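The block underneath contains the structure these notes are about, expressed in structure tokens.
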Amino acid sequence: MQEKRIYLDNSASTRLDERVLEAMTPYFLDTYAVATSEFAYTQGIEAREALDEARVSLAKALGAESEEFVFTSGSTESSNMALKGVALALSEKKGKHIIVSKIEDFPVLQSAEALERQGFQVTYLEVDVDGLVDLEVLKKAITDKTILVSIQHANQEIGTVQDIAGIGAVCREKDVLFHTDATHTFGRVPLNVKRLPVDLVTVAAHTIHGPRGIGGLYIRKGTPLAKWMDGGFQEFDLRAGLENIPGAVGFAKAVELITVEENKQLRAMRNHAISRILKEIPDTVLNGHRSKRLPHNVNISFHYVEGESITLHLDIHGFAVSTGSACFSRSLQGSHVIYGIGGDHERAHGSIRITLGRYNTMEDVDAVVDTLADVIRELRKISPLGKNKYGEEV
Amino acid sequence: MKFPYSETVLEHFKNPHNVGKIDNPDGKSMEGSPACGDMVAVYIKVEPKTKTIEDIKFESYGCASNIATGSIITELAKGKTLDEAKKITWKQASDALGGLPKIKAHCSVLAIEGLRAAITNYEEKHGLVKKRVPTTVETIRKRLRKVMNPLAGLDLVRTNLVKDIQKNNGTVRVAIDLPRNHQFAPAIKEEIDEKIEPLWDVKEVIVDFTD
């Protein structure tokens, strides 16, 4: 086992930035009171101020008003809240039809499926080979019973960034609410709700060197949304539960720490990794759009080899990456995203995702590509595929 | 740190034994498919008088447990007679590897099947196999014992997921006690197709799930 471990799975989770931890610490140790007791004592007032400040700062980062930003426990809860909240609010008034893309992340997909079991109709939109939704197809899918369109800002696996301005415009034209899961773009790809016609936006801190267990949902003023987490009156009476003040403060700090320079550097590392792999390793294919892509996402399929074997070899050499292979997942299912863009089993099983973060360097990228080239070469040597190709008679 | 794999599995995964191809093998097989995520090819050289496996090699497209099992069964089979080698079980391979995770059982069973299929291939080529017998419900049940129920890491029959098996001329109908929209339904159907379709007198396989 190598001494230094290089983490390249930053879309799954990220290392917390020390400055975030520093900003959070006082809210664990000193100002730990409940924010709602602002009329009671000093600590409560300080807690309330910290929460409000974090909310203002996060709302500002999205171009929103602070009353339009609700804290949640993370992106899973935010997306559940958006889909189920709108469904509950509009099913009687307008209809029971929801549209999502086929390649959404599980919080959106599973929420849609859960609603389907309760009698809602769900359209799962096809995407093209790069993972993009066709606006014409979307337009045709919308009916007078459609209450919500939920299409992600960028894909969790292949990094393709959707044209949410175009999607939002279609939804506006048809008078349908639009939710976008921006878990992987918040901080990394510009997203301003003043300019973009979106009604609900899911964001989270764990992908940007913030703490996990905190996320948010942007809710445009006037958007009908039923409360489904019952209890107290927190978060404008939309989401009950004791406020996670250290989390909120950490989330705001994490966003504040992202710079244009950093995103540029991520993009440079991403481009370097993609072009080196495609050039130096034969029989590989890039998954996702080449340019409409998250600045920190690399996803490549290697023919004739299986992803779990690749990740395990890389792990032995000290690199942490992820794969869309069935063997890697607890469900023994290949990546629904790779199948969604028309990939076959072999492409799903042989896909490797490298996601970069603040603590990665160009040296890390070169090191992982060098090792990857060796690992793929060795695994192909022992693979019955490739040399014989498919279907050789035995 | 605790890996899901034993030290021995990792050793065989890192440095698999008997890897590659044998030119003009006396018997060979290719089991699995990219669809189920694993494939294994086995090649054998047989000493004709003693019917001993003189040389054996394997190739693998698969995860660590598939590669490691391929490596260990080739070690176990080398020097054995065909009859002895046929009797090598998944349990023996798993024990020799210091245990395998349950959920990975099907990846490693494949290597055993590969070895047995290579032996059958040799026997067929050398006129050692009896006449083709018609497929019965029992043959089908036996084959379904090799299809994993990923929920339990055990096969479909043992976990009582097979509700009914019918064979009508060339059509086989298997009823599985899982809802059609269950996350494992497509994978299970695919594996059933793969196990039953190759039977010489089966033309069509229909898998029924519950609503």
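Each reported figure results from applying straightforward, stated rules to the coordinates on display, with no laboratory input. Quantities reported herein were computed from a predicted structural model and do not represent experimental measurements. Every residue, glycine among them, receives a Cβ derived from its backbone with ideal geometry; neighbour counts consider all protein chains shown.
Loop-located trypsin sites (Lys or Arg not before Pro) in the range A:47-112 (DSSP state not H, G, I, E or B) with no more than 10 neighbouring Cβ atoms inside 10 Å: A:93. Summarising the strand pairing of the protein assembly as shown, around 65 percent of its internal DSSP beta bridges are antiparallel.
Remark: spin-label model distance residue B:173-residue A:283 equals 4.3 nm, labels positioned 7 Å along the Cα→Cβ axis. R0 = 30 Å: FRET efficiency of residue A:373 with residue B:190, Cβ-based, nearest 0.05? Given R0 = 30 Å and the Cβ-Cβ separation, E is 0.40. Near the amide H of residue B:135, within less than 5 Å, lie the amide hydrogens of B:201, all on another chain or at least 5 residues away, with H placed in the peptide plane. Against the main long axis of the alpha-carbon atoms of chain B, helix B:64-77 sits at an angle near 50°.
Every helix of 4 or more DSSP H residues in chain A counts as -39500 (n - 2.57), and over all residues that averages to -12000 deg cm²/dmol at 222 nm. Between residue B:87 and residue B:203, residue separation times 0.36 nm minus the direct Cα-Cα distance comes to 38.8 nm.
Legend: calculated FRET efficiency, residue B:133 to residue A:381, from the Cβ-Cβ distance at R0 = 35 Å, rounded to 0.05, equals 0.30.
Which of A:185, B:62, A:129 sits closest to the plus end of the dipole of the protein assembly as shown, meaning its Cα is farthest towards the positive end, when Lys and Arg get +1 and Asp and Glu get -1 on the C-beta? The listed residue farthest towards the positive side: B:62. Place a point 7 Å from the Cα of residue A:121 along the Cα-to-Cβ direction; which residues of the range A:73-96 have their backbone N under 17 Å from it? In the range A:73-96, the label zone of residue A:121 (backbone N under 17 Å from the point 7 Å along Cα→Cβ) covers A:87, A:90-96.
Just name one of B:182, B:202, B:157: the one whose Cα is farthest towards the positive end of the charge dipole of the range B:137-210 (beta-carbon charges, Lys/Arg +1, Asp/Glu -1). Working it through, the farthest residue towards the positive pole turns out to be B:157.
Overall, the range B:7-125 carries a charge dipole of about 120 debye about its Cα centre when +1 sits on the Cβ of Lys and Arg and -1 on the Cβ of Asp and Glu, all other atoms neutral. Extension gain for residue A:315-residue A:362 works out to 15.0 nm (0.36 nm per residue, less the C-alpha to C-alpha distance). Proximity of backbone amide H atoms, modeled 1.01 Å from N, is registered between residue A:319 and A:6 at under 5 Å, excluding neighbours fewer than 5 places apart on the same chain. Rounded to the nearest 20 debye, the dipole size of the range B:137-210 about its Cα centre is 200 debye, using +1 on the Cβ of Lys and Arg and -1 on the Cβ of Asp and Glu.
When shorter helices are ignored and each DSSP H run of at least 4 residues is given -39500 (n - 2.57), the per-residue value for chain B at 222 nm works out to -10500 deg cm²/dmol.
Put +1 on the Cβ of each Lys and Arg and -1 on the Cβ of each Asp and Glu in the protein assembly as shown; which of A:20, A:168, B:108 then has its Cα farthest toward the positive end of the dipole? Sorting the options by dipole projection puts first B:108.
Once the chain from residue A:344 to residue A:60 is taken as fully extended at 0.36 nm per residue, the excess over their C-alpha distance is 98.0 nm. To the nearest 20 Debye, how big is the dipole of the protein assembly as shown about its Cα centre, given +1 on the beta carbon of each Lys and Arg and -1 on that of each Asp and Glu? For the protein assembly as shown, the charge dipole is close to 1480 debye.
Note on residue A:106 and residue A:221: the model spin-label points, each 7 Å out from Cα along the C-beta direction, lie 3.8 nm apart.
Across the range B:137-210, Cα pairs under 8 Å and at least six residues apart give a relative contact order of 31 percent. Legend: calculated FRET efficiency, residue A:13 to residue A:259, from the Cβ-Cβ distance at R0 = 22 Å, rounded to 0.05, equals 0.55. Model label points for residue A:192 and residue A:4, set 7 angstrom from Cα along the Cα-to-Cβ axis, are 3.9 nm apart. Label reach from residue B:15 (point 7 Å along Cα→C-beta): in the range B:36-74, amide nitrogens under 16 Å belong to B:68, B:71-72. Report the trypsin sites (Lys or Arg not before Pro) located in the range A:306-369 that are in a DSSP loop and have at most 11 other Cβ atoms inside 10 Å of their Cβ, or state none. Taking the range A:306-369 and a limit of 11 other Cβ atoms within 10 Å, the loop trypsin sites (Lys or Arg not before Pro) found are A:330. Ordering A:349, A:206 by the number of other Cβ atoms within 10 Å of each residue's own Cβ, fewest first, gives A:206, A:349.
Judged by the ratio a/c of the largest to the smallest principal axis of the C-alpha gyration tensor, the protein assembly as shown counts as prolate, that ratio being 1.5 or greater while a/b is larger than b/c.
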